[in-house]
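Working notes, beginning with the structure itself.
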Amino acid sequence: MDSAEDAQAIAAEFPAWEAWQGIDWLWHARIRGATPPVMVHGEDLIDLRDQIIRYQGRHPSDLWPGTGSGSAGQTPG
C-alpha cells in the first residue's frame with residue numbers, strides 16, 4: 001500500500017480529517033477547515049489513527065463535523 005492509499009484509508013474512517021506523510025516520514029492529519037487549525041502527528045498509520053481517536057475523545061464531536069460516529073460527513077444545522 002502506498003502513502004496515497006494509506007491517506008485514503010484514514011479519510012474513509014475519519015471523513016473530516018485529511019492525512020499525509022511528510023518529508024520527515026511522520027504521518028500528519030488535520031481537520032479540514034478547522035479554526036484554529038487542528039493537527040495531530042504519528043510515527044506510522046496506527047499511531048496517527050490513535051492520535052486522531054485520542055483527540056476526538058478529548059473534544060466534543062459536535063464541534064467537529066464528520067468526526068463523531070453519529071455525524072460522519074454531516075455538518076451541523
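Bear in mind that the values in this text are calculations on the coordinates, not laboratory data. Being a predicted model, the structure only gives us computed values, none of them experimental. Cβ coordinates were reconstructed from backbone atoms using ideal geometry, including for glycine residues, and neighbour counts include every protein chain displayed.
For this structure, a couple of remarks:
- Largest first, the extents of the alpha carbon coordinates of segment 3-63 on the three principal axes equal 30, 19, 17 Å.
- With a simple spin-label model that places each label point 7 Å from the Cα along the Cα-to-Cβ direction, the separation between Asp47 and His59 comes to 2.1 nm.
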